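Report on one structure; see the data block that follows.
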Amino acid sequence: MTRQQTSQRSDIHGRITDTIIAALEQGVRPWTQPWHSAYPSDPVSRPLRFNGAPYSGINVILLWSEAITRGFASSTWMTFRQALELGGAVRKGESGTTVVFASSIIRTETADGGDDVERSIPFMKAYTVFNADQIDGLDARVQPTASLSDPFDRIGEAGRFFANTGAMIRHGGTSAYYAA
């Protein structure tokens, strides 16, 4: 790995760490409702790519944090180029949010004994995304309205387990809590 690659990798980790520390230093309340009470029937959604696939890992925390801080109502995020391809335009002066893609590639190398050895080489790439609220000209297919499904359909086995306990379970409202 070259010095520049090592520096860039450390920079990505440092930027993510700095973002999390800055959020903590702002005075985090014990718990923040991750949805808006104005729309209590909306499902709590993980941040989504422009194609509807959910983000994962640290990206979920980074994008949720940014959405809460900046007041974004949309859970859809995309790169500048993806916005252009969908007929949208990022508003002038808007700043994006850094997310990361981490994976590994498999390299086959010949060992000293002449045997082929597979080696996994991890890599991480940072890129910038914008929330759909920062983009003009996007059509409704980018902002799909999530249809509410029965909670038991969504959580399958867990729902059946709790239904079999005989406990009275109610979903809805503008408050999040469990009560016995």
_Those residues of region 150-175 which are at pLDDT below 70 and either surrounded by 10 or more Cβ atoms within 10 Å (Cβ to Cβ) or within 23 Å of residue 71 (Cα to Cα) (or both), in sequence order_ = 151, 152, 154, 155
*asked:* Please go through region 85-106 and give me each residue that is closer than 30 Å to residue 117 by Cβ and of a type in the set (A, V, I, L, M, F, W, C), ordered by number.
replied: 100, 101, 102, 105, 106
*Please give the strands (runs of 3 or more DSSP E) falling wholly within region 71-137 in which 1 or more residues are modelled with pLDDT under 95 and more than 15 Å from the chain's Cα centre (by Cα).*
97-110, 116-131
*Pull up region 94-130, narrow it to residues that are more than 23 Å from residue 81 (Cβ to Cβ) and among the acidic types (Asp, Glu), then point me to the one that is surrounded by the fewest Cβ atoms within 10 Å (Cβ to Cβ).*
112
*asked:* Report every pair of residues separated by at least 6 positions or lying on different chains whose Cβ atoms are under 6 Å apart, first residue within region 162-179 and on the phi < 0 side of the Ramachandran plot, second at pLDDT below 70 and surrounded by 10 or more Cβ atoms within 10 Å (Cβ to Cβ).
replied: 171/151; 174/40
_On the basis of being assigned to a helix (DSSP H, G or I), in contact with a strand residue (DSSP E or B) (Cβ under 6 Å, 6 or more places away or on another chain) and crowded, with 16+ Cβ neighbours inside 10 Å, does residue 67 make the cut?_
no
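The values are calculated or read from the model by the stated rules, or taken from the named source; none is laboratory data. This one's a predicted model, so the numbers in the text were calculated from it and none came from an experiment. Quick reminder, even Gly has a Cβ in these numbers, built from the backbone with ideal geometry, and neighbours come from all protein chains shown.
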